[in-house]
Every structure is written in structure tokens, then in C-alpha cells.
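The values are calculated or read from the model by the stated rules, or taken from the named source; none is laboratory data. Not measured: the values here are computed from a predicted model. Virtual Cβ from ideal backbone geometry, glycine too; neighbours counted across all protein chains shown. What goes into the accessible areas is simple: the full protein's heavy atoms, side chains included, and nothing from ligands, DNA or RNA. Shrake-Rupley method; radii C 1.70, N 1.55, O 1.52, S 1.80 Å.
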Amino acid sequence: MKALLKNSLSDYLWVEIVAVVLAAVIVGAVTAYVSADSIYKASIIGGSITPIMGAPGQLSGQGEEKAPSYYAQRYMEIKERITGIFGSLVWSNSGLLSSVFGIAAMVALFPFVYRLRTSFVPLLFRERSGPIKLGLTGLLLALLLLLPLFLSASFPLVLVARNWLSGVSLSSVILLNGILWALLLMLSVSIYSTYILWGRLDLSLVFTLLLAFGLSGKLSFAWKTVWIYLATSVGLVVVMVVVLQRRLMSV
């Protein structure tokens, strides 16, 4: 573990820090843009309709007076509806989010996985460890390295929930955050596993984007999407373990 950590902290550590920060900014900026556009459209689609002047209703003075609690309940119902529409609209941009998340994860991960890949065999002797343990330990370090990307993906959603959707159940926002985290996890595991096993940047990026687009186009805004992404991540890890166990890794 000590040799692996030393290998992770290269002489050009500042370059890797810049890469992670740049990737986090990319993820946060695109997610913020999609979130802002979606909450604007959701407010229009899910908002209440003002009655025509002169027609029977609240503005004409001919409508029946209702208790303040009625209008408060109606207001919360509108916000709940807007919340659901907001989550669906954000997920309708799944293709854009998948491509941006994939590229950002590659930018942040590449310096680390490149060094780990080139020094994989020497690290087996320095660590006195097997390829499976070394591969899984490297994956854990890679996910810790990508933690700023996960936080930057959630920050725009927290901002929208705090400023525009306060007081509602936020179940749709929690679901949306879970989908984005599971998507980013799957892309990260895909990039790491394919590059560690085969050492091909082009193959890793193409496979990851094809996987992201192939799944995102068929999945809806539901908890099932989260479980499918998590199951795919676990499947990729299992494949990596099997390949490492059978010594099929391209050295």
C-alpha cells in the first residue's frame, strides 16, 4: 500500500490536481447549465395558469372565497409537480451528461491510471501483493481521487433545491442525484478497468461512451436506472477481477 500511495503522488502532482479541478469545473458547469434550464422550463410547465380577466375566478371577484390553507396546499402541490418535472427534464439530457461526465472522468483519472498501468508489474513485487488486490486498491484510490467530481455534480442540484424547491419532499431531486452519482461511478469504473487491463486510451474512452449512450438511451427517470448503473459497475469490477486472476491482462 505504501508503494502504491508513493506511486500515486508523482513529481508532477500539481498537474494532477489541476486536472481534477478542471474536470470538477466541467462537470459542475454542465450540470448547473442543465439544472438552470430545466428548473426554468419546469416552472413554466408545472406552474399555475392565471385566469382570464373578467372570467369567473379569483381575479374577477366572482369566485368562491377559500381558506388560506387551500392556497397554501395548492402552492405546495405546484412545487411538488415542478420538482418531478425538473428531475425528468434534467434526465432528458442524459446523452449530454453522459458524454461530459465520461470525458471529465478521463481527464481526472488518466495521470493516475497511466502511472499505475506502467508500473503495475513492479508494484506487484514492491507491494508483495497479487494483481487482484493491487487492481482493487487502485480502484479505491481512483474513486477517492474523483470525489470532487461527485460533489460538483451534486452542488447545482442542492442549489436548485435550496433556492427554488424548499419545503417539498425532494424525492425527485434525491432520485436525480442518485442517478447522476451512479452514472459517474459506472463511467469511472469503466475507464479504470478497461485502461488497467488493456492500456489503450482510445479503447477505454470509446467503450465507456458507447456503454453510457447505450444504457442512457434506454433508461427512464426511475430508481431502476440507479440499480442498473450500480449493477453494471459491479459487473465491470467482476470482469476485471476475472481477467486479472487468469493473467489475461495485456502487459
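What's the number of the only condition in (1) on the phi > 0 side of the Ramachandran plot; (2) modelled with pLDDT of 90 or more that Leu170 fails to meet?
With (1) on the phi > 0 side of the Ramachandran plot; (2) modelled with pLDDT of 90 or more applied to Leu170, the lone miss is (2).
Do we have any residue at all in the stretch 176-192 that's over 14 Å from the mean Cα position of the chain (by Cα) and open to solvent by 30 Å² or more (accessible area, probe 1.4 Å)?
no
Test Ser119 against the stated conditions and say whether it is over 22 Å from the mean Cα position of the chain (by Cα), within 24 Å of Leu201 (Cα to Cα) and either crowded, with 21+ Cβ neighbours inside 10 Å or among the hydroxyl-bearing types (Ser, Thr, Tyr) (or both).
Taking the combined requirement at face value, the residue satisfies it.
If you check Ala42, Ala32, which single one turns out to be farther than 30 Å from Pro131 by Cα, over 20 Å from the mean Cα position of the chain (by Cα), modelled with pLDDT of 85 or more and open to solvent by less than 60 Å² (accessible area, probe 1.4 Å)?
Ala42
Residues are listed down the side, and each one gets a yes or a no for (1) at pLDDT 90 or above; (2) under 30 Å from Ile26 (Cα atoms); (3) in a helix (DSSP H, G or I):
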position: Met76; (1), (2), (3): no, no, yes
position: Lys79; (1), (2), (3): no, yes, yes
position: Ser98; (1), (2), (3): yes, yes, yes
position: Pro111; (1), (2), (3): no, yes, yes
position: Ile132; (1), (2), (3): no, no, yes
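Restrict the check to the stretch 202-218 and report whether at least one residue is farther than 19 Å from Ala105 by Cα and touching a residue at least 60 places away in the same chain (Cβ under 8 Å).
Taking every residue of the stretch 202-218 in turn, at least one turns out to be farther than 19 Å from Ala105 by Cα and touching a residue at least 60 places away in the same chain (Cβ under 8 Å).
Please give the number of the condition Leu157 fails out of (1) more than 18 Å from Met106 (Cβ to Cβ); (2) open to solvent by 10 Å² or more (accessible area, probe 1.4 Å).
Single failed check for Leu157: (2).
Would you be able to tell me the number of residues in the stretch 146-161 that are part of a helix (DSSP H, G or I) and under 13 Å from the mean Cα position of the chain (by Cα)?
11
Only one of Ile85, Ile26, Ile103 is in a helix (DSSP H, G or I), at pLDDT 70 or above, open to solvent by less than 70 Å² (accessible area, probe 1.4 Å) and closer than 23 Å to Val189 by Cα. Can you tell me which?
One residue alone meets the criteria, Ile26.
Among the numbered criteria (1) open to solvent by 30 Å² or more (accessible area, probe 1.4 Å); (2) under 30 Å from Gly130 (Cβ atoms), which one does Leu215 miss?
Only one criterion is unmet by Leu215, namely (2).
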